[in-house]
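Visitor: Got a structure for you, questions after.
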């Protein structure tokens, strides 16, 4: 089985200025892709793009604002071309039990994590369908498969992402577009400077990044629809 080359590919990574998104953008860039990263803080995006490399482009975009998402898609299409890889990574977490969460809190989490992902995907999808190929990654969480205390809004957004992704996958398979959901357990998003195995180690953002790269390289006939990714041995002895 021959793995595809990512050189010259066009990628968009939402929430790419920090955390898991930063590691994903970095890995795709190392493989030769040009990468547009989005976020809500332009200075942080510029700093991140400078660390990633010359083919990384920062773009200010708040997923709570539909007009900004529309402009993002228009800009990427006109300046870079149709994305081969779209990574829906942007998300927020709001801690609090149901009685303490305000409607504004709920709306911000659902709006960013679920509605924002819907709008970003919808903005790029017509171009990917016209191109008749593409990979759409949804960075979800194990919290999309099990409830956690004091995380109802986050859980709801990630459960919703599962349903949205499964439905979307059925709609676009005939257009050679793969929709792939990654569900990490607890993730270390700092520098990747710890041992690669052993006790007390969480899953790392770099591991999620390498998974995205590998899945992107698989032949187009192959679809990994849903993947749970666990840290092997996060237990302290």
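The values are calculated or read from the model by the stated rules, or taken from the named source; none is laboratory data. Remember, it's a predicted structure, so these values are computed and weren't measured experimentally. Don't worry about glycine lacking a Cβ; one is built from the backbone with ideal geometry, like all the others, and counts go over all protein chains shown.
Visitor: If I go through region 63-81 residue by residue, how many of them are part of a helix (DSSP H, G or I) and closer than 12 Å to residue 14 by Cα?
Guide: 3
Visitor: Only one residue in 140, 152, 167 is under 15 Å from the mean Cα position of the chain (by Cα) and either farther than 20 Å from residue 40 by Cα or modelled with pLDDT of 95 or more (or both). Which one?
Guide: None of the other options fit; the residue is 140.
Visitor: Please specify each residue of region 28-60 satisfying the condition of being under 13 Å from the mean Cα position of the chain (by Cα) and either part of a helix (DSSP H, G or I) or in contact (Cβ under 8 Å) with a residue 40 or more places away in the chain (or both).
Guide: 28, 36, 38, 39
Visitor: Could you say whether any residue in region 93-109 is touching a strand residue (DSSP E or B) at 6+ places or on another chain (Cβ under 8 Å), closer than 23 Å to residue 229 by Cβ and buried (at least 23 other Cβ atoms within 10 Å of the Cβ)?
Guide: Within region 93-109, none of the residues are touching a strand residue (DSSP E or B) at 6+ places or on another chain (Cβ under 8 Å), closer than 23 Å to residue 229 by Cβ and buried (at least 23 other Cβ atoms within 10 Å of the Cβ).
Visitor: What are the residues in region 167-180 that are touching a residue at least 12 places away in the same chain (Cβ under 8 Å) and closer than 12 Å to residue 223 by Cβ, if any?
Guide: 169, 172, 173, 176, 177, 178, 179, 180
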